[in-house]
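First the structure, in the form of structure tokens, and then the observations on it.
Please treat every number below as a calculation from the coordinates, not as lab data. None of the values given here were measured: they were computed from a predicted structure. Heads up, the Cβs are rebuilt from the backbone with ideal geometry, glycines too, and the neighbour counts pull from every protein chain shown.
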Amino acid sequence: MYNDKPLNCRECGQSFLFTAGEQEFFASKGFTNEPTRCPDCRAQRKSQQGGYSSGGDGGGYSGGYDRGELQMFSATCIQCGKEARVPFQPREDRPVYCSDCFATQRGESSSAGGRRNSW
């Protein structure tokens, strides 16, 4: 179905081969564009950006942001009365559950066929 295809690198101008195997891989990942850089220029660009998981100025994707230390708050579990440590400021009008009771609540709501809030 796929045939090797010669392409020109937009960085260095060298010709490189977009192999049938690479085309099949691109198609399996849902990529619709052909590569515009040869393997050497792609590797060099990736190393300059620190890979695709970096959050540097190379435009990589970090999956989040650096927010420093997460502040935790203390609250009393509404179900069992144990202390619960939560990453948000508890409010009087919203229930707070410890980890164990929260897991139980999640299990009950998923078996009920939908999301259920107890507040």
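What the table below lists for this structure:
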quantity: Neighbour net charge for Ala43 - beta-carbon separation under 14 angstrom, K R +1, D E -1; calculated: +2
quantity: Difference of contour (0.36 nm per residue) and Cα-Cα distance, Thr76 to Phe25; calculated: 13.1 nm
quantity: Label-point separation in nm, Arg94 to Gln48, each point 7 Å along Cα→Cβ; calculated: 4.5
